[in-house]
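Below you'll find the structure, written out as structure tokens, and then a few comments.
The values are calculated or read from the model by the stated rules, or taken from the named source; none is laboratory data. This is a predicted model, so every value here is computed, not measured. In case anyone asks, the SASA skips ligands and DNA or RNA and just uses the protein heavy atoms, side chains included. Shrake-Rupley method; radii C 1.70, N 1.55, O 1.52, S 1.80 Å.
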Amino acid sequence: MLRLALYQPDIPQNAGTMIRLCACLGVTVDIVEPAAFDVSDRHFRRSGMDYLERAAIARHDSFAAFDAWRRAAGHRLILAETDGATTHTAFAFQPGDIIMVGRESAGVLPEVYAAAQASVHVPMRFGLRSLNVAVAAAIVLGEALRQVGGYPAAREDGR
């Protein structure tokens, strides 16, 4: 229903955390290469724990390849950036949206902004620079799932 795209991730621990998040929520992860680390990296595997095998992960060799795929599939691209145009709670997410987070060190390139249908941000206190990318992804993805009714069904114990 929704997807989370990691644009050229820098930090294996953050990527592993976001993959774990998506495994738990039933959201597919798109990794847009090149990543700054090898996916066999022990830090990446440790942060993803045993969730890497439970996650739906699609890898794309480049942004151009990812963008061609998502356009052909009819997905909107929504950037979650510190300077996004609207707050994540004011944006109307739709089933099929792909929420993309940028590199921890540099965000995304101008051509990624140009390809996106929208950009959102999480409101923060004045004077603070940014949230951790995995935290921001969780906040935005949580709101998007709430809006589209995409959270997994309750467990047998009602939780």
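Do you know the relative contact order of the stretch 47-159, to the nearest whole percent, from alpha carbon pairs under 8 angstrom that are 6+ apart?
That works out to 29 percent.
Give the relative contact order (percent, whole number) for the stretch 46-108; include only Cα pairs under 8 Å separated by 6+ residues.
So the answer I get is 31 percent.
I'd like the carbon and sulfur percentage of the solvent accessible area for the stretch 8-159, probe radius 1.4 Å, heavy atoms only, ligands and nucleic acids excluded.
The computed percentage sits at 53.
Before rounding to the nearest 500, sum -39500 (n - 2.57) across all DSSP H runs of length at least 4 in the chain and divide by the residue total; then give [θ] at 222 nm in deg cm²/dmol.
-10000 deg cm²/dmol
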